[in-house]
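What follows is a set of notes on a single structure, which appears directly below.
The values are calculated or read from the model by the stated rules, or taken from the named source; none is laboratory data. Nothing here was measured: the structure is a model prediction, and the numbers come from that model. All Cβ positions, even for glycine, are placed from backbone atoms using ideal geometry, and neighbour counts span all protein chains on display.
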(Lines give C-alpha, C1' and ligand atoms only; values in the text may rest on other atoms or scores of the structure.)
Protein backbone atom coordinates (compact mmCIF):
# COMPACT_ATOMS: atom_id res chain seq x y z
CA UNK A 1 0.00 0.00 0.00
CA UNK A 2 1.23 3.45 -0.85
CA UNK A 3 2.47 5.61 1.97
CA UNK A 4 1.31 8.96 0.57
CA UNK A 5 -1.64 10.90 1.95
CA UNK A 6 -4.17 9.79 -0.64
CA UNK A 7 -7.52 11.41 -1.21
CA UNK A 8 -10.82 9.72 -0.37
CA UNK A 9 -12.39 8.51 -3.61
CA UNK A 10 -15.68 6.93 -4.64
CA UNK A 11 -15.78 4.77 -7.77
CA UNK A 12 -19.03 3.73 -9.41
CA UNK A 13 -18.68 1.20 -12.24
CA UNK A 14 -21.77 1.66 -14.33
CA UNK A 15 -23.05 0.45 -17.69
CA UNK A 16 -26.41 -0.41 -19.17
CA UNK A 17 -25.15 -3.54 -20.91
CA UNK A 18 -24.26 -6.80 -19.21
CA UNK A 19 -21.34 -9.05 -20.11
CA UNK A 20 -18.98 -6.28 -21.24
CA UNK A 21 -16.32 -6.56 -18.51
CA UNK A 22 -17.89 -4.27 -15.90
CA UNK A 23 -17.13 -6.48 -12.91
CA UNK A 24 -13.55 -7.02 -14.07
CA UNK A 25 -13.10 -3.25 -14.10
CA UNK A 26 -14.59 -3.07 -10.59
CA UNK A 27 -12.08 -5.68 -9.43
CA UNK A 28 -9.17 -3.85 -11.04
CA UNK A 29 -10.23 -0.51 -9.54
CA UNK A 30 -10.76 -2.01 -6.07
CA UNK A 31 -7.33 -3.60 -6.08
CA UNK A 32 -5.67 -0.46 -7.44
CA UNK A 33 -7.23 1.63 -4.68
CA UNK A 34 -6.11 -0.97 -2.14
CA UNK A 35 -2.57 -0.99 -3.48
CA UNK A 36 -2.16 2.75 -3.89
CA UNK A 37 -4.29 4.04 -1.02
CA UNK A 38 -6.34 1.88 1.34
CA UNK A 39 -8.70 -1.09 1.22
CA UNK A 40 -11.96 0.43 -0.04
CA UNK A 41 -15.45 -0.22 1.19
CA UNK A 42 -16.99 -2.29 -1.61
CA UNK A 43 -20.59 -2.87 -2.67
CA UNK A 44 -22.13 -5.17 -5.28
CA UNK A 45 -25.55 -3.98 -6.46
CA UNK A 46 -25.73 -6.23 -9.51
CA UNK A 47 -29.04 -8.05 -9.16
CA UNK A 48 -28.33 -10.46 -12.02
CA UNK A 49 -24.75 -11.54 -11.39
CA UNK A 50 -23.24 -10.45 -8.08
CA UNK A 51 -19.78 -11.57 -9.17
CA UNK A 52 -17.89 -8.76 -7.44
CA UNK A 53 -19.04 -10.09 -4.07
CA UNK A 54 -17.59 -13.52 -4.89
CA UNK A 55 -14.02 -12.21 -4.54
CA UNK A 56 -13.26 -12.61 -0.81
CA UNK A 57 -10.35 -10.16 -0.87
CA UNK A 58 -12.68 -7.21 -1.51
CA UNK A 59 -15.41 -8.21 0.98
CA UNK A 60 -18.03 -6.54 -1.19
CA UNK A 61 -21.44 -6.25 0.44
CA UNK A 62 -24.38 -7.36 -1.70
CA UNK A 63 -27.06 -4.67 -1.76
CA UNK A 64 -30.46 -5.48 -3.25
CA UNK A 65 -31.75 -2.15 -4.54
CA UNK A 66 -35.06 -3.52 -5.83
CA UNK A 67 -38.35 -4.12 -4.06
CA UNK A 68 -40.71 -7.05 -4.57
CA UNK A 69 -42.16 -5.42 -7.69
CA UNK A 70 -38.72 -5.17 -9.33
CA UNK A 71 -38.58 -1.41 -8.83
CA UNK A 72 -35.62 0.36 -7.29
CA UNK A 73 -36.21 1.12 -3.61
CA UNK A 74 -34.78 4.56 -2.77
CA UNK A 75 -34.60 3.72 0.93
CA UNK A 76 -32.17 0.89 0.20
CA UNK A 77 -30.04 3.23 -1.86
CA UNK A 78 -30.22 5.74 1.00
CA UNK A 79 -29.06 3.12 3.49
CA UNK A 80 -26.02 2.27 1.36
CA UNK A 81 -25.16 5.94 0.94
CA UNK A 82 -25.49 6.59 4.67
CA UNK A 83 -23.03 3.78 5.34
CA UNK A 84 -20.65 5.26 2.75
CA UNK A 85 -20.85 8.74 4.27
CA UNK A 86 -20.14 7.50 7.79
CA UNK A 87 -17.39 5.01 6.92
CA UNK A 88 -14.72 7.62 6.18
CA UNK A 89 -12.90 5.56 3.55
CA UNK A 90 -12.73 5.13 -0.22
CA UNK A 91 -15.51 3.19 -1.93
CA UNK A 92 -15.98 0.98 -5.01
CA UNK A 93 -19.49 0.10 -6.24
CA UNK A 94 -20.19 -2.46 -8.96
CA UNK A 95 -23.63 -1.46 -10.21
CA UNK A 96 -25.78 -3.89 -12.14
CA UNK A 97 -26.83 -3.17 -15.71
CA UNK A 98 -30.46 -3.86 -14.77
CA UNK A 99 -30.49 -0.78 -12.52
CA UNK A 100 -28.51 1.48 -14.84
CA UNK A 101 -31.24 4.01 -15.64
CA UNK A 102 -32.63 3.98 -12.10
CA UNK A 103 -29.16 4.67 -10.71
CA UNK A 104 -28.65 7.63 -13.04
CA UNK A 105 -32.05 8.95 -11.99
CA UNK A 106 -31.21 8.56 -8.30
CA UNK A 107 -27.89 10.37 -8.77
CA UNK A 108 -29.59 13.30 -10.50
CA UNK A 109 -32.67 13.59 -8.29
CA UNK A 110 -30.73 13.47 -5.02
CA UNK A 111 -27.80 15.72 -5.99
CA UNK A 112 -25.65 12.74 -5.06
CA UNK A 113 -22.45 14.04 -6.63
CA UNK A 114 -22.59 17.28 -4.65
CA UNK A 115 -23.41 15.37 -1.46
CA UNK A 116 -20.42 13.10 -1.90
CA UNK A 117 -18.09 15.93 -2.82
CA UNK A 118 -19.21 17.92 0.21
CA UNK A 119 -18.38 14.86 2.30
CA UNK A 120 -14.81 14.94 0.95
CA UNK A 121 -15.00 12.36 -1.85
CA UNK A 122 -13.54 12.69 -5.32
CA UNK A 123 -16.16 10.96 -7.46
CA UNK A 124 -15.29 8.70 -10.40
CA UNK A 125 -17.70 7.07 -12.85
CA UNK A 126 -16.21 4.16 -14.79
CA UNK A 127 -17.91 3.10 -18.04
CA UNK A 128 -16.90 0.21 -20.31
CA UNK A 129 -16.95 0.63 -24.11
CA UNK A 130 -16.69 -2.45 -26.32
CA UNK A 131 -16.81 -3.37 -29.97
CA UNK A 132 -19.20 -5.79 -31.61
CA UNK A 133 -22.91 -5.99 -30.97
CA UNK A 134 -22.68 -4.17 -27.64
CA UNK A 135 -20.51 -1.39 -29.02
CA UNK A 136 -23.18 1.18 -29.86
CA UNK A 137 -25.09 0.74 -26.60
CA UNK A 138 -21.96 0.98 -24.43
CA UNK A 139 -20.85 4.08 -26.34
CA UNK A 140 -24.32 5.58 -25.84
CA UNK A 141 -24.01 4.94 -22.09
CA UNK A 142 -20.68 6.75 -21.99
CA UNK A 143 -22.00 9.74 -23.92
CA UNK A 144 -25.06 9.91 -21.68
CA UNK A 145 -22.85 10.03 -18.57
CA UNK A 146 -20.62 12.64 -20.19
CA UNK A 147 -23.60 14.86 -20.98
CA UNK A 148 -25.22 14.50 -17.56
CA UNK A 149 -22.22 14.39 -15.22
CA UNK A 150 -18.98 14.99 -17.13
CA UNK A 151 -18.50 18.55 -15.90
CA UNK A 152 -18.86 17.55 -12.24
CA UNK A 153 -17.12 14.21 -11.85
CA UNK A 154 -14.17 12.23 -13.19
CA UNK A 155 -15.61 10.12 -16.02
CA UNK A 156 -13.35 7.22 -16.98
CA UNK A 157 -13.80 5.26 -20.20
CA UNK A 158 -12.47 1.69 -20.23
CA UNK A 159 -12.03 0.55 -23.84
CA UNK A 160 -12.36 -3.24 -23.69
CA UNK A 161 -10.93 -5.03 -26.71
CA UNK A 162 -11.50 -8.53 -25.31
CA UNK A 163 -14.66 -9.30 -27.28
CA UNK A 164 -13.23 -7.73 -30.42
CA UNK A 165 -11.10 -4.68 -31.27
CA UNK A 166 -12.84 -1.40 -30.56
CA UNK A 167 -12.08 0.38 -33.83
CA UNK A 168 -14.12 2.21 -36.42
CA UNK A 169 -12.82 2.46 -39.98
CA UNK A 170 -9.44 1.45 -38.60
CA UNK A 171 -9.40 4.31 -36.09
CA UNK A 172 -9.04 3.90 -32.30
CA UNK A 173 -11.63 5.28 -29.91
CA UNK A 174 -9.69 8.48 -29.19
CA UNK A 175 -9.96 9.43 -32.88
CA UNK A 176 -13.73 8.96 -33.06
CA UNK A 177 -15.83 12.13 -33.42
CA UNK A 178 -17.82 11.18 -30.29
CA UNK A 179 -14.69 11.22 -28.15
CA UNK A 180 -13.21 14.33 -29.73
CA UNK A 181 -16.46 16.23 -29.19
CA UNK A 182 -16.63 15.12 -25.54
CA UNK A 183 -12.95 14.91 -24.65
CA UNK A 184 -13.25 17.75 -22.14
CA UNK A 185 -15.90 15.73 -20.30
CA UNK A 186 -13.95 12.44 -20.15
CA UNK A 187 -11.28 12.51 -17.49
CA UNK A 188 -9.39 9.35 -18.48
CA UNK A 189 -9.32 6.70 -21.19
CA UNK A 190 -7.82 3.32 -20.40
CA UNK A 191 -7.45 0.65 -23.06
CA UNK A 192 -7.52 -3.03 -22.20
CA UNK A 193 -6.36 -5.01 -25.23
CA UNK A 194 -6.10 -8.71 -25.74
CA UNK A 195 -3.06 -10.31 -24.22
CA UNK A 196 -0.35 -11.11 -26.71
CA UNK A 197 0.50 -14.30 -24.82
CA UNK A 198 -1.97 -17.19 -24.64
CA UNK A 199 -0.31 -18.26 -21.40
CA UNK A 200 -0.91 -14.85 -19.78
CA UNK A 201 -4.46 -14.93 -21.08
CA UNK A 202 -5.05 -18.33 -19.52
CA UNK A 203 -3.45 -17.29 -16.21
CA UNK A 204 -5.58 -14.16 -15.99
CA UNK A 205 -8.72 -16.15 -16.76
CA UNK A 206 -7.87 -18.62 -13.99
CA UNK A 207 -7.39 -15.77 -11.53
CA UNK A 208 -10.82 -14.36 -12.43
CA UNK A 209 -12.63 -17.70 -12.34
CA UNK A 210 -11.10 -18.65 -8.99
CA UNK A 211 -12.12 -15.27 -7.53
CA UNK A 212 -8.58 -14.28 -6.63
CA UNK A 213 -7.14 -10.80 -6.39
CA UNK A 214 -3.81 -10.07 -8.05
CA UNK A 215 -2.20 -9.93 -4.62
CA UNK A 216 -3.47 -13.40 -3.74
CA UNK A 217 -2.57 -14.84 -7.14
CA UNK A 218 1.05 -13.64 -7.09
CA UNK A 219 1.77 -14.22 -3.38
CA UNK A 220 4.59 -16.69 -2.58
CA UNK A 221 2.07 -19.04 -0.96
CA UNK A 222 -0.28 -18.91 -3.95
CA UNK A 223 -1.34 -22.24 -5.40
CA UNK A 224 -0.22 -20.94 -8.80
CA UNK A 225 3.26 -21.95 -9.89
CA UNK A 226 6.21 -19.59 -10.26
CA UNK A 227 5.82 -18.89 -13.97
CA UNK A 228 2.09 -18.19 -13.67
CA UNK A 229 2.76 -15.78 -10.80
CA UNK A 230 5.47 -14.07 -12.83
CA UNK A 231 3.18 -13.53 -15.82
CA UNK A 232 0.40 -12.17 -13.62
CA UNK A 233 2.85 -9.79 -11.95
CA UNK A 234 3.62 -8.35 -15.39
CA UNK A 235 -0.08 -8.00 -16.19
CA UNK A 236 -0.70 -6.19 -12.90
CA UNK A 237 2.27 -3.89 -13.43
CA UNK A 238 1.02 -2.98 -16.90
CA UNK A 239 -2.55 -2.26 -15.80
CA UNK A 240 -1.58 -0.32 -12.68
CA UNK A 241 1.06 1.60 -14.61
CA UNK A 242 -1.59 2.79 -17.06
CA UNK A 243 -3.86 3.76 -14.17
CA UNK A 244 -1.01 5.70 -12.56
CA UNK A 245 -0.77 7.75 -15.76
CA UNK A 246 -4.44 8.65 -15.47
CA UNK A 247 -4.91 8.90 -11.71
CA UNK A 248 -1.49 9.48 -10.18
CA UNK A 249 -2.35 7.18 -7.31
CA UNK A 250 -5.04 9.70 -6.25
CA UNK A 251 -2.48 12.06 -4.74
CA UNK A 252 -1.09 15.56 -5.28
CA UNK A 253 -3.73 16.90 -7.72
CA UNK A 254 -7.51 17.00 -7.53
CA UNK A 255 -9.24 14.46 -9.73
CA UNK A 256 -7.98 12.57 -12.75
CA UNK A 257 -5.27 14.14 -14.87
CA UNK A 258 -7.45 13.96 -18.01
CA UNK A 259 -4.86 11.86 -19.81
CA UNK A 260 -5.15 8.90 -22.12
CA UNK A 261 -3.30 5.88 -20.73
CA UNK A 262 -0.88 4.73 -23.40
CA UNK A 263 -2.09 1.44 -24.91
CA UNK A 264 1.51 0.22 -25.15
CA UNK A 265 1.69 0.30 -21.37
CA UNK A 266 -1.08 -2.29 -21.04
CA UNK A 267 -0.44 -4.42 -24.08
CA UNK A 268 -0.37 -7.53 -21.89
CA UNK A 269 -3.66 -6.86 -20.14
CA UNK A 270 -7.01 -8.43 -20.91
CA UNK A 271 -10.43 -8.59 -19.37
CA UNK A 272 -13.01 -11.34 -19.56
CA UNK A 273 -16.77 -11.71 -19.94
CA UNK A 274 -17.74 -10.96 -16.35
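List of remarks:
- Test: residue in region 64-73 that is free of Cβ contacts under 8 Å to residues at least 40 places away in the same chain, in contact with a strand residue (DSSP E or B) (Cβ under 7 Å, 6 or more places away or on another chain) and crowded, with 21+ Cβ neighbours inside 10 Å: yes
- Residue 93 being under 19 Å from residue 149 (Cβ atoms), touching a helix residue (DSSP H, G or I) at 6+ places or on another chain (Cβ under 9 Å), modelled with pLDDT of 95 or more and surrounded by 13 or more Cβ atoms within 10 Å (Cβ to Cβ): yes
- Filtering region 35-79 to residues that are assigned to a helix (DSSP H, G or I) and under 15 Å from residue 13 (Cβ atoms) leaves 52, 53, 58.
- Output for region 145-178, where each listed residue is assigned to a loop (DSSP other than H, G, I, E, B) and out of contact with any helix residue (DSSP H, G or I) (no Cβ under 7 Å at 6 or more places or on another chain): 161, 162, 165, 169, 170, 176
- Matching residues in region 213-243 - criterion: being touching a strand residue (DSSP E or B) at 6+ places or on another chain (Cβ under 8 Å) and either free of Cβ contacts under 8 Å to residues at least 60 places away in the same chain or farther than 17 Å from residue 201 by Cα (or both): 242, 243
- Hits in region 99-131 (condition: farther than 28 Å from residue 36 by Cα, over 17 Å from the mean Cα position of the chain (by Cα) and either surrounded by fewer than 13 Cβ atoms within 10 Å (Cβ to Cβ) or in contact (Cβ under 8 Å) with a residue 60 or more places away in the chain (or both)): 101, 108, 109, 111
- Members of region 179-201 found to be in contact (Cβ under 8 Å) with a residue 24 or more places away in the chain, crowded, with 17+ Cβ neighbours inside 10 Å, in contact with a helix residue (DSSP H, G or I) (Cβ under 9 Å, 6 or more places away or on another chain) and outside any loop (DSSP other than H, G, I, E, B), listed by number: 182, 185, 188, 189, 190, 191, 192, 200
- Exactly one residue among 223, 231 is surrounded by fewer than 15 Cβ atoms within 10 Å (Cβ to Cβ) and modelled with pLDDT of 90 or more, and that residue is 223.
- Residues of region 151-167 satisfying the condition of being crowded, with 20+ Cβ neighbours inside 10 Å and either more than 16 Å from residue 13 (Cα to Cα) or without any contact (Cβ under 8 Å) to a residue 60 or more places away in the chain (or both): 153, 155, 157, 159, 161, 162, 166
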